[in-house]
Amino acid sequence: MINRLLAKVIGTKNERDIKRLQPMIVEMNALEPQMRALTDEQFREKTSEFKGEIAEALNGLEGDDLKRVEREVLDHLLVPAFALVREAGRRMVDMRHFDVQLVGGMVLHQGKIA
């Protein structure tokens, strides 16, 4: 009974986790017009830019430093990369990812079960 009362007041862990991810969804949605405006060549360049940023950040790192920096860089690129993936889906199969699908991808990125 106490657990149900607490869940109603502060929400379940799942609800709190989703609420924490919501600002990133808002950012991805805000990037949608910018990603849609990219030409196919600019789209490819954006992908190369992301890969280059990751490679540059990880250059020369080893062990724990490598893992930490890799996580930081990937977290930093998550919003624009997911916005780009959403646009890729729209262009390739004429289907736009739903926000909940992006949330699922972010949860998987965190190493959790979606």
Degrees between helix 40-58 axis and first principal axis of the chain (Cα, 0 to 90, nearest 10): 70
Principal-axis tilt of helix 99-109 within the chain, Cα atoms, nearest 10 degrees: 80
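Values quoted throughout were computed directly from the atomic coordinates according to the rules given, and no laboratory measurement underlies them. Model, not experiment: these values are computed from the prediction.
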